[in-house]
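Working notes, beginning with the structure itself.
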Amino acid sequence: MSWIEANGASLRYDLSGSGRETLVLIHEVGGCIESWDDALAAFQGQFRVLRYDQRGFGMSEKTRVITMDGIVADLVALLDALRIPGLVHLAGCAMGAAIALAFAGRYPARVGRIAVASPATWANADPAAARKRIEETERGGVRDGIRTPAMVAKVAAQIPGAKYVEASSGHFMAVETPDLFVDLALPFLRGGGAEVMREA
């Protein structure tokens, strides 16, 4: 593992694999580089793989404020600092999926293919909504779905050429069922298009 200065923060990263194309694996909130350990070998056989601890997580520099604009800017700066030009492919779960989609929306010319699971595209956007969710969880536990199939399917419908898949997994698919995540994501990452997965 190494550290590099990017966008004013020290970020821990790992660059491995021998493929000609680069795949960026983006971890979930509370996750880190190691969130991808069980899926890494399969991706390394096809791609040069970049994993990194987002600002505020893992062993990267801590911060009191995290914004989507800032997180996306960190990824741009990391790619530039590592001299990774041109297209990259992206994969992420939960908030990592949202970051992948936000990066693609802001920098479409830098993105090849995308595979995301349970994208948290609306998470933490409104403090009042976040408080309401906390209260509901305290009352009823965490069995109620956070991201319904209809909500995630709506995200997929907004991405030209995307395929929506419901998978028998949990919210953090790459951590909970890494083999399943690889089985679903790798064909898309090798062959083109975007895939939006949701736990079933």
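Within the option set Ala109, Ala125, being closer than 28 Å to Gly70 by Cβ, modelled with pLDDT of 90 or more and loosely packed, with under 12 Cβ neighbours inside 10 Å holds for one residue only, Ala109. For the stretch 57-77, filtering for residues that are over 15 Å from the mean Cα position of the chain (by Cα), of a type in the set (A, V, I, L, M) and either assigned to a helix (DSSP H, G or I) or buried (at least 20 other Cβ atoms within 10 Å of the Cβ) (or both) leaves 1. Scanning for something open to solvent by less than 10 Å² (accessible area, probe 1.4 Å), farther than 16 Å from Leu11 by Cα and not hydrophobic (A, V, I, L, M, F, W, C), does the stretch 36-56 turn up at least one residue? Within the stretch 36-56 (the criterion being open to solvent by less than 10 Å² (accessible area, probe 1.4 Å), farther than 16 Å from Leu11 by Cα and not hydrophobic (A, V, I, L, M, F, W, C)), the answer is no, since none of the residues qualifies.
Phe43 satisfies every condition listed in (1) assigned to a helix (DSSP H, G or I); (2) over 17 Å from Glu21 (Cα atoms) except (2). Close contacts from the stretch 156-170, counting a first residue that is over 11 Å from Pro119 (Cβ atoms) and surrounded by 14 or more Cβ atoms within 10 Å (Cβ to Cβ) and a second that is among the β-branched types (Val, Ile, Thr) and modelled with pLDDT of 85 or more, with Cβ to Cβ under 6 Å and a gap of 6+ residues or different chains, come to Ser169/Thr177.
If you go through the stretch 16-35 and pick out every residue that is within 17 Å of the chain's Cα centre (by Cα), buried (at least 16 other Cβ atoms within 10 Å of the Cβ) and not in a helix (DSSP H, G or I), you end up with 10.
The values are calculated or read from the model by the stated rules, or taken from the named source; none is laboratory data. These numbers were taken from a predicted model, which means no experiment stands behind them. So basically every Cβ, Gly included, is an ideal-geometry build from the backbone, and we count neighbours across all protein chains shown. All accessible areas refer to the heavy atoms of the entire protein, side chains included, with ligands and DNA or RNA removed. Shrake-Rupley method; radii C 1.70, N 1.55, O 1.52, S 1.80 Å.
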